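The values are calculated or read from the model by the stated rules, or taken from the named source; none is laboratory data. No experiment lies behind these values; they were computed from the predicted model shown. For neighbour counting, all protein chains shown are included, and Cβ atoms are generated from backbone atoms with ideal geometry for every residue, glycine included. Only protein heavy atoms, including side chains, enter the accessible area calculation; ligands, DNA and RNA are left aside. Shrake-Rupley method; radii C 1.70, N 1.55, O 1.52, S 1.80 Å.
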Amino acid sequence: MTLSVLETRPKTDSNPDSPLGSDTRHALADLVLNAVSDSYVLMVKTQAVHWNVTGPLFKSLHDLTEGQYQDLFAAIDDLAERIRALGLKAPMTYDGMQAASEIEPFRTERPTAGDMIAELAADNDKIAKRLILGIEAASRETDPATEDILTERLRAHQKASWMLRAMLETA
């Protein structure tokens, strides 16, 4: 389920003189909200893998997921600050971010290492697809700053997916 910034945010606008119109900034902030929300939920999920993985891939997956959740944590701050630069409020609650995210929690308390790897790879792919839509919209609206930050995140999610899938070959 995806919540719209227009539905969840007050209509206050702290950047009324932006060359991007208010409706455009709201729409772009909505796309960035998706990225923040997906990243936050994935960060929590990735950290859960980091804590709970066992088996022969423990050390490799433990180290890989630590780097990934740390990258997500830093990215979330940058993305939320982009929402603020667009003149809107960043998300305030985990429930709101979870509702706006397309990333689902694990369905079982004890997934195998292979299942965890496959699910994280699929989650990164899902985020990458949404980011592409955001990049295209930012390009159409001539917002290179939003386009740039979303493109940076696209690269990170594609790399994360690739690295996780490479581990699946040994899982």
Checked against the positive end of the charge dipole of the chain (+1 on Cβ of Lys and Arg, -1 on Cβ of Asp and Glu, about the Cα centre), the farthest of 105, 43, 161 is 105
Just need the relative contact order of the chain here, percent rounded to a whole number, with Cα pairs under 8 Å and 6+ apart. 29
Name the longest site-free stretch of the chain, where the excluded sites are trypsin sites (Lys or Arg not before Pro) in a DSSP loop with no more than 16 other beta-carbon atoms within 10 Å. 12-88
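At most 10 other Cβ atoms within 10 Å and a DSSP loop assignment: could you name the GluC sites (Glu not before Pro) in the stretch 39-111 that fit?
109
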Taking the Cα centroid of the stretch 38-73 and of the stretch 132-171, what is the distance between the two, rounded to the nearest whole Å? 18
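Provide 72, 31 ordered by accessible surface of protein heavy atoms (probe 1.4 Å), highest first.
31, 72
Mind checking the stretch 77-171 for chymotrypsin sites (Phe, Trp or Tyr not before Pro) that DSSP puts in a loop (not H, G, I, E or B) and that have at most 12 other Cβ atoms within 10 Å?
Counting only loop positions with at most 12 other Cβ atoms within 10 Å, none of the chymotrypsin sites (Phe, Trp or Tyr not before Pro) in the stretch 77-171 qualifies.
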In the chain, whole DSSP H helices that both stretch 20 Å or further along their axis by alpha carbon positions and average at least 0.0 on the Kyte-Doolittle scale are 22-52, 113-140
